[in-house]
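Asks: The structure under discussion is supplied below as structure tokens; questions concerning it will follow.
FYI, it's all coordinate maths here, none of it is from the lab. No experiment lies behind these values; they were computed from the predicted model shown. Here the Cβ positions follow ideal geometry from the backbone for every residue, glycine too, while neighbour counts run over all protein chains shown.
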Amino acid sequence: MLETIEKLLNENVRPALESHGGGIEIVELKDNKLYVRLSGGCKGCAGARATIKHGVEAFLKENVKDLEEVVDVTDHG
């Protein structure tokens with residue numbers, strides 16, 4: 001599952017985030033939950049939660065059947 005997610009991030013998610021000066025990295029995949037950290041322009045962004053839940057999570061759940069949730073562990077403070 002991790003290889004599939006990494007491929008989807010590389011081909012679809014990262015280019016979109018990078019176009020806005022941001023990035024995303026996988027921290028851990030555990031119990032069908034993907035833990036990610038945002039970087040660059042995405043770190044501390046007011047839209048980060050929406051990006052994760054309505055963008056990244058929705059897209060990945062459509063394409064990875066067993067994925068239950070994407071959790072943002074970024075310190076946005």
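Asks: May I ask you to list the residues in the stretch 48-77 that are part of a helix (DSSP H, G or I) and either charged (D, E, K, R) or without any contact (Cβ under 8 Å) to a residue 12 or more places away in the chain (or both)?
Replies: Passing the criteria: Arg49, Ala50, Lys53, His54, Glu57, Ala58, Lys61, Glu62.
Asks: Could you please give the count of residues in the stretch 7-24 that are surrounded by 13 or more Cβ atoms within 10 Å (Cβ to Cβ) and either closer than 18 Å to Glu68 by Cα or not basic (Lys, Arg) (or both)?
Replies: Residues flagged as surrounded by 13 or more Cβ atoms within 10 Å (Cβ to Cβ) and either closer than 18 Å to Glu68 by Cα or not basic (Lys, Arg) (or both) within the stretch 7-24 amount to 11.
Asks: For Cys45, which of the numbered conditions (1) surrounded by fewer than 17 Cβ atoms within 10 Å (Cβ to Cβ); (2) more than 11 Å from the chain's Cα centre (by Cα); (3) not in a strand (DSSP E or B) fails to hold?
Replies: With (1) surrounded by fewer than 17 Cβ atoms within 10 Å (Cβ to Cβ); (2) more than 11 Å from the chain's Cα centre (by Cα); (3) not in a strand (DSSP E or B) applied to Cys45, the lone miss is (1).
Asks: Just checking, how many residues over the stretch 48-62 are of a type outside the set (Phe, Trp, Tyr) and either in contact with a Lys or Arg (Cβ under 9 Å, 6 or more places away or on another chain) or surrounded by 13 or more Cβ atoms within 10 Å (Cβ to Cβ) (or both)?
Replies: Summing the residues that are of a type outside the set (Phe, Trp, Tyr) and either in contact with a Lys or Arg (Cβ under 9 Å, 6 or more places away or on another chain) or surrounded by 13 or more Cβ atoms within 10 Å (Cβ to Cβ) (or both) in the stretch 48-62 gives 9.
Asks: Checking Thr4 against (1) under 18 Å from Val73 (Cβ atoms); (2) among the hydroxyl-bearing types (Ser, Thr, Tyr); (3) out of contact with any strand residue (DSSP E or B) (no Cβ under 9 Å at 6 or more places or on another chain), which test does it fail?
Replies: All conditions are met except number (1).
Asks: Looking only at the stretch 9-26, count every residue that is within 10 Å of the chain's Cα centre (by Cα) and of a type outside the set (Gly, Ala, Ser) and tell me the total.
Replies: 7
Asks: Quickly run through the stretch 14-42 and pick out the residues that are assigned to a helix (DSSP H, G or I) and touching a helix residue (DSSP H, G or I) at 6+ places or on another chain (Cβ under 6 Å).
Replies: None - no residue of the stretch 14-42 is assigned to a helix (DSSP H, G or I) and touching a helix residue (DSSP H, G or I) at 6+ places or on another chain (Cβ under 6 Å), so the list stays empty.
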